[in-house]
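A quick write-up on the structure given underneath.
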Amino acid sequence: MDISVVVPLFNEAESLPELAQWIERVMDENGYSYEVLFINDGSTDDSWQVIKRLHQANPRMKGVAFRRNYGKSPALNTGFDRAQGNVIITMDADLQDSPDEIPALYKMITQDGYDLVSGWKKKRYDPLSKTIPTKLFNATARRVSGIHNLHDFNCGLKAYRREVVKHIEVYGDMHRYVPYLAKIAGFTRIGEKEVKHQARKYGETKFGLDRFVNGYLDLLTLWFQAKFGVKPMHFFGLLGSLMFLLGFIAVIVVGALKLYNMHSGHSYRLVTESPYFYLALTSMLLGTQLFLTGFLGELIIRHSNDRNHYEIGEEIINDDTAALPPRQLERDLPVGVEEKKTNVASVNAQ
Ligand code: UDP
Ligand code: MG
């Protein structure tokens, strides 16, 4: 199968028939074999009934329904899991993304060799309250992820090579960072295509401004996971040791100063009267805590099944070497053996 289109949706009943029809038309015009996976994320309207009707009219329209609303990321993840196509295309259900972009995206994956192509809504039809924070958000995401050529991380319209979606796990609200997830999993040929964007026709947006706060927190999480995920001690241990050391040195300085003043006859105060003493103490305590956090992190990883999970690209070790005869090396040839024997004999004779 050429293409799986994955559409996460939450209360989008009005848009679905139009979207399905549009995708159908594009697929048929280009002669693609395809499936459309509607992932109904616990809609409370009659989205699911609509999907069932679409399936009856065209069995390539498929659906999975969550029992309740989990979020866009779990919906995408479920679609990725079920997808059978060689290229997977994700798009929002609200008709903001245009199915007309599918052929070009498909070609970028199959012919230009990209692992992932992200849409870029250069001209956006969204309120200003959304577009300005989005610019800031994307600038940060580019810096942190090191994927410098993407303008629009959170674009719903994206295309993937099959291996990519089978090797990443989109959870929580991580759908904003799928390119970063892909990069962490070792898929680095990430491209971008300018796509047409439209204003929402039916229904309303499902995400408020809290998306930006959560978005930044998620970015921090991913960065930490990518960098210290299996070696938290390298982060907490270093930070903890430095803080502890700083506190320790400060305590010694405060104590030494007092002793010096005592012996040289200057006026002196109790150590506990110096504010530096308390700062130093706090620093030592925090340092110890950070250090222990690192230890706990290491213990958790030691017992997690994920600790030795690596993304294997290819292997050439699956042949049956056990059945092969031993290789004959030159030193094992009969002449060599004889030489050795005579040597041993001469030693014994002496
Ligand atoms: N969506 C979803 N589950 C949710 C919220 C949203 O599946 O909990 C879907 C939604 O139906 C749409 C897509 O995710 O197909 C993008 O959502 P929306 O259009 O509201 O986001 P925006 O375009 O405002 O960024
Ligand atoms: Mg939308």
* Can you name every residue in the range 70-88 that is of a type outside the set (D, E, K, R) and within 16 Å of ligand 2 (Cβ to nearest atom)? -> 71, 73, 75, 76
* Complete set of residues in the range 85-132 that are closer than 19 Å to residue 166 by Cα and near ligand 1 (Cβ under 10 Å from one of its atoms) -> 90, 91
* Within the range 130-152, is even one residue closer than 24 Å to residue 33 by Cα, among the charged types (D, E, K, R) and within 22 Å of the chain's Cα centre (by Cα)? -> no
* Structure fact -> Residues of the range 31-51 being exposed (fewer than 14 other Cβ atoms within 10 Å of the Cβ) and either more than 22 Å from residue 206 (Cα to Cα) or in contact with a strand residue (DSSP E or B) (Cβ under 6 Å, 6 or more places away or on another chain) (or both), in sequence order, are 31, 33
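Whether any residue in the range 50-65 is of a type in the set (Gly, Ala, Ser), within 15 Å of ligand 2 (Cβ to nearest atom) and at pLDDT 95 or above is what I want to check.
From the range 50-65, those of a type in the set (Gly, Ala, Ser) are 57, 63, 65; that's our starting set.
Next, from what is left, pick out any that are within 15 Å of ligand 2 (Cβ to nearest atom): none.
No; the residues of the range 50-65 include none that is of a type in the set (Gly, Ala, Ser), within 15 Å of ligand 2 (Cβ to nearest atom) and at pLDDT 95 or above.
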* Could you tell me which residue of the range 157-170 is farthest from ligand 2 (Cβ to nearest atom), considering only residues that are surrounded by fewer than 21 Cβ atoms within 10 Å (Cβ to Cβ) and either β-branched (Val, Ile, Thr) or more than 15 Å from residue 4 (Cα to Cα) (or both)? => 167
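The values are calculated or read from the model by the stated rules, or taken from the named source; none is laboratory data. Everything numeric here is computed off the predicted structure, so don't read it as measured data. No Cβ is skipped: glycine too gets one built from the backbone with ideal geometry, and neighbour counts run over all protein chains shown.
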